[in-house]
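The values are calculated or read from the model by the stated rules, or taken from the named source; none is laboratory data. This structure is a prediction, so every number in the text was calculated from the model and none was measured. Cβ atoms come from the backbone with ideal geometry, glycine included; neighbour counts cover every protein chain shown.
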Amino acid sequence: MSTRPCRYRLRLYRNPLHQLVAGSTWRAAWFLLAYLVFGWLLWGCVLAATLTTVILAITLAGIPLLIGTAAVIRGCANAERWRLRGVLAEPVRGGYRVARPPGILNQVRTRWRDPATWRDFGYLFGLFPLLWAVDLAVIVVWLVLLAGIALPAWYWAPPETFNNGQSAHGVQFGYFPNGPHGPGAWGVFVDTMPKALLAAAVFLVLFLLFNYVLVLTARLHARIASALLRAPGDPLADAKEVLTHPGPLGKLHPETPLLPETPLHPETMHPAT
């Protein structure tokens, strides 16, 4: 797994109003919303390829299918890497082993012994239910709050039927078994414009604050994806950096060339007296 720090295109601002109109908020919303559909497609492709290979693995047809399944996993991972360009500052590039010498059996061994293949599979298949559930929960809450801001435009439309047979038009936030004014009711029943405006103001405040949750969720998703889909860093990179670059003192007096030593000749030497 890569340990390189992520640089995001999803910025956070101190001012909630600035965060509302910032491109990072709507980019994060699109990233999470698209995963709800796109993630299903990738997961389905990986599942279909894996099941087909497992079923036919006892036959000779399973050998080329192993290569094909690895190619499907790599293709789906590349599609997700392409999608990450919208939320990360740097492209995510995978690092895969190359089979040498070429051959079917060598291709199978190289691809399925490659940790990159299993990291791709873990992200696309193993983590999909958890990431999809988190993204869905955040998107649903975000959309509900967004719809609540427009409550004055549609509060009168939904019909409500109560246990006592009464009916009314409005939106209920709470429990009203016997109507808005009946016994056992608690909460707020929005059936007038003043109530709708007050509820919309509350939804607006909650929506402004929840935008931070939206962006942070997209950041977390992108970080997990980048850690698994990116080529792992070289563990000896720091040591190589030290060996290939001069030390902290640099070269000593590089501007002064070293003079060749002058040999001593016997005739220039005076005998001691």
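Quickly run through the stretch 94-126 and pick out the residues that are under 30 Å from Arg11 (Cα atoms) and acidic (Asp, Glu). Please lay out each step first, then the result.
Going residue by residue through the stretch 94-126, those that are under 30 Å from Arg11 (Cα atoms) are 94-95, 116, 119-126.
The answer is Asp120, and nothing else.
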Pair list, Cβ under 6 Å, 6 or more apart: the stretch 195-220 residue among the basic types (Lys, Arg), other residue surrounded by 15 or more Cβ atoms within 10 Å (Cβ to Cβ): Arg219/Tyr8; Arg219/Leu10
Contacts under 8 angstrom Cβ, first residue in the stretch 91-114 being touching a residue at least 40 places away in the same chain (Cβ under 8 Å) and outside the structural domain of Cys76 (by TED's automatic domain parsing), partner surrounded by 13 or more Cβ atoms within 10 Å (Cβ to Cβ) and of a type outside the set (Asp, Glu), 6 or more apart: none
Residue in the stretch 74-88 that is at pLDDT below 90, farther than 24 Å from Ala133 by Cβ and in the same structural domain as Asp114 (by TED's automatic domain parsing) present: no
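Yes/no per residue for (1) within 24 Å of Leu228 (Cβ to Cβ); (2) surrounded by 14 or more Cβ atoms within 10 Å (Cβ to Cβ); (3) under 26 Å from the mean Cα position of the chain (by Cα):
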{"site": "Gly103", "(1), (2), (3)": "no, no, no"}
{"site": "Arg111", "(1), (2), (3)": "yes, yes, yes"}
{"site": "Pro129", "(1), (2), (3)": "yes, no, yes"}
{"site": "Trp132", "(1), (2), (3)": "yes, yes, yes"}
{"site": "Ala150", "(1), (2), (3)": "no, no, no"}
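Could you pull out the residue among Gly165, Gly170 that is without any contact (Cβ under 8 Å) to a residue 12 or more places away in the chain, at positive phi and over 36 Å from the mean Cα position of the chain (by Cα)? Give the derivation first.
Numbers: Gly170 fails: without any contact (Cβ under 8 Å) to a residue 12 or more places away in the chain.
Step by step, each of Gly165, Gly170 is checked, and only Gly165 is without any contact (Cβ under 8 Å) to a residue 12 or more places away in the chain, at positive phi and over 36 Å from the mean Cα position of the chain (by Cα).
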Residues of the stretch 77-93 satisfying the condition of being among the aliphatic types (A, V, I, L, M), in a helix (DSSP H, G or I) and within 15 Å of Arg9 (Cα to Cα): Leu84
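A quick yes/no check of all residues on (1) modelled with pLDDT of 95 or more; (2) among the small types (Gly, Ala, Ser); (3) in a loop (DSSP other than H, G, I, E, B); (4) assigned by TED's automatic domain parsing to the domain that holds Ala77:
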position: Ser2; (1), (2), (3), (4): no, yes, yes, no
position: Pro5; (1), (2), (3), (4): no, no, yes, no
position: Trp30; (1), (2), (3), (4): yes, no, no, yes
position: Leu33; (1), (2), (3), (4): yes, no, no, yes
position: Leu36; (1), (2), (3), (4): yes, no, no, yes
position: Leu41; (1), (2), (3), (4): yes, no, no, yes
position: Leu47; (1), (2), (3), (4): yes, no, no, yes
position: Thr59; (1), (2), (3), (4): no, no, yes, yes
Failed condition for Phe189, given (1) of a type in the set (Phe, Trp, Tyr); (2) under 28 Å from Leu36 (Cβ atoms); (3) buried (at least 18 other Cβ atoms within 10 Å of the Cβ): (2)
Residue, farthest from Ile55 (Cα to Cα), within the stretch 80-94, restricted to residues that are surrounded by 14 or more Cβ atoms within 10 Å (Cβ to Cβ) and small (Gly, Ala, Ser): Gly86
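If you scan the stretch 108-144, which residues turn out to be assigned to a helix (DSSP H, G or I), among the acidic types (Asp, Glu) and touching a Lys or Arg at 6+ places or on another chain (Cβ under 8 Å)?
The initial filter retains those residues of the stretch 108-144 that are assigned to a helix (DSSP H, G or I), namely 108-112, 115-126, 128-144.
Filter once more, so that each one left must be among the acidic types (Asp, Glu): 120, 135.
Selection gives Asp120 alone.
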